[in-house]
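Undergrad: What follows is a single structure, and I will ask about it in a moment.
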Amino acid sequence: MRVVYIAGAEKGAGKTSLASALVVNVTRRGVRAAAWKPLALSAKPHGEGSGPDADTLLYARLTAGKSLYPELFTPGDDQLNGTLPKDIVAKVLAHLDDASSDHQVIVAEGLDGLSVQQGTGRASRELASLLDARVLAVVPYRHPPEENYVSLARDLFGPALVGLVINKVPYYRMSLLQQETVPRLQKEGLPILGAIPEDRTMLSPTLGDVAQAVQGTFVLCPEKGNELVEYLMVGGFFMDEGLYVFQRRERKAVVVRGDRPDLQIAAIETDTVGLVLTGGVQPIQYILYEAEQRGVPLVVTQMDTKSAISACETLLNRAVVHHLGKVHRFAQLMDAHLDMEALLSSLGLPSVA
């Protein structure tokens, strides 16, 4: 069994996205794989009022709901001064041994920190060594370029470092990064596997998130609250025909006054994830019927349209990755932007799906 350890430069760098998408990619190639989060620094230990954290729950969904490691080990930051507690080491090794007969590859989500000067960085190196893992590091895009992160990762993990992924690159920076920065770093012997651009799907909230933000209530199709919303449109602030305007965007939620059925029906007839009806006005029977026929959820909020839009703007600052749609989208981004053949070959895995 091979273990791949995902190290992050900082919180939010993209460890969970990379770990879960890598499982999808290798599983698609006929390899039995699972993701694992052996240590969590923020969640409470199992049995102290909080179960597995969101990352662990996502990994369980990738294995048909069977969580390989339902218990989280949560040493405090003060314990991670560069060495892992012996009881933690014993538990981690026991769980790894239990999984060895069922999986060919375990992708372990590691710790944040790539500097040997950081306690978490040294603990991360020890954990990767303990697992006898090959290391993938993920770093967020920074300008000026992130050579420091790259060299830190190499110095910390040494020959165990298989490669490094630069994540969340603005599209207007992708060309320069791919044509100049990445080749230059590769020539210097730094194992850059590629860069992942910023992506609308990865930043998208769910319709349920939108409903919660506007303090709304589903009046139709609440079971679709987990659908991703890639665009947000406002109904009413334009002179053109509603159908023409709403056709410009797909996978959208439309915020519209509850007393404007003309705009509501135009939105329903296009690719719309859901409607948010403002002003506390319930939809008329005709809108209810048409929305039900097309399977378009309706949410009613007491907020006015302007307030509802303002409330939704905060969702971009709270985007999370714990959605299977985002996992599969990140897997697509990996195929499109990373040297997957080199990555899988370095892990000893088949490179052809």
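The values are calculated or read from the model by the stated rules, or taken from the named source; none is laboratory data. Owing to the predicted nature of the structure, the values given are computational and were not obtained by experimental measurement. Glycine also receives a Cβ, built like all others from the backbone with ideal geometry; neighbour counts cover every protein chain displayed.
Undergrad: Which ones in region 254-265 are touching a strand residue (DSSP E or B) at 6+ places or on another chain (Cβ under 8 Å) and surrounded by fewer than 24 Cβ atoms within 10 Å (Cβ to Cβ)?
TA: ARG257, GLY258, ARG260, LEU263
Undergrad: Looking only at region 105-120, how many residues end up being out of contact with any helix residue (DSSP H, G or I) (no Cβ under 7 Å at 6 or more places or on another chain) and either β-branched (Val, Ile, Thr) or buried (at least 17 other Cβ atoms within 10 Å of the Cβ) (or both)?
TA: Going through region 105-120 one residue at a time, the tally reaches 4.
Undergrad: Let me ask something else. Using beta carbons and a limit of 7 Å, which pairs, at least six apart or on different chains, have the first residue in region 258-281 and in contact (Cβ under 8 Å) with a residue 12 or more places away in the chain and the second one of a type in the set (Ser, Thr, Tyr) and assigned to a loop (DSSP other than H, G, I, E, B)?
TA: Matching pairs, first to second residue: VAL276/THR301; THR278/THR301.
Undergrad: For the list (1) modelled with pLDDT under 80; (2) surrounded by fewer than 16 Cβ atoms within 10 Å (Cβ to Cβ), I need the number of the one condition that LYS11 fails.
TA: LYS11 satisfies all of (1) modelled with pLDDT under 80; (2) surrounded by fewer than 16 Cβ atoms within 10 Å (Cβ to Cβ) except (1).
Undergrad: Filtering region 285-306 down to residues that are in contact (Cβ under 8 Å) with a residue 60 or more places away in the chain and over 16 Å from ARG260 (Cβ atoms), which residue is surrounded by the most Cβ atoms within 10 Å (Cβ to Cβ)?
TA: Here the answer is PRO297.
Undergrad: Could I ask something else about it? Going by the conditions given, is ILE166 of a type in the set (Val, Ile, Thr), over 18 Å from the mean Cα position of the chain (by Cα) and either modelled with pLDDT under 95 or crowded, with 20+ Cβ neighbours inside 10 Å (or both)?
TA: No: the conditions fail for ILE166.
Undergrad: Of all the helices (runs of 4 or more DSSP H) wholly in region 174-235, which have at least 1 residues that are more than 17 Å from the chain's Cα centre (by Cα), surrounded by fewer than 16 Cβ atoms within 10 Å (Cβ to Cβ) and not assigned by TED's automatic domain parsing to the domain that holds LEU18?
TA: 207-213
Undergrad: Filtering region 81-121 down to residues that are under 23 Å from the mean Cα position of the chain (by Cα) and assigned to a helix (DSSP H, G or I), which residue is nearest to SER345 (Cα to Cα)?
TA: Only one residue fits best here, namely GLY121.
Undergrad: I'd like to know if region 152-162 contains one or more residues that are in contact (Cβ under 8 Å) with a residue 24 or more places away in the chain and outside any helix (DSSP H, G or I).
TA: Yes, region 152-162 contains at least one residue that is in contact (Cβ under 8 Å) with a residue 24 or more places away in the chain and outside any helix (DSSP H, G or I).
Undergrad: Is one or more of the residues making up region 199-218 modelled with pLDDT of 90 or more and farther than 30 Å from VAL296 by Cβ?
TA: no
Undergrad: Yes or no: region 271-283 includes at least one residue that is in a helix (DSSP H, G or I), within 16 Å of LEU232 (Cα to Cα) and at pLDDT 95 or above.
TA: No: region 271-283 contains no residue that is in a helix (DSSP H, G or I), within 16 Å of LEU232 (Cα to Cα) and at pLDDT 95 or above.
Undergrad: Being outside any loop (DSSP other than H, G, I, E, B) and not aromatic (Phe, Trp, Tyr) is the filter; apply it to region 236-256 and report the residue that is nearest to GLY325 (Cα to Cα).
TA: Only one residue tops the list, namely LYS252.
Undergrad: Another question about this same structure. Provide a single number: the residues in region 236-251 that are surrounded by fewer than 20 Cβ atoms within 10 Å (Cβ to Cβ) and either within 27 Å of ARG329 (Cα to Cα) or not assigned by TED's automatic domain parsing to the domain that holds ALA308 (or both).
TA: The total comes to 5.
Undergrad: Of the conditions (1) assigned to a strand (DSSP E or B); (2) surrounded by fewer than 23 Cβ atoms within 10 Å (Cβ to Cβ), ALA137 satisfies every one except a single condition; which number is it?
TA: Of the numbered conditions (1) assigned to a strand (DSSP E or B); (2) surrounded by fewer than 23 Cβ atoms within 10 Å (Cβ to Cβ), the odd one out for ALA137 is (2).
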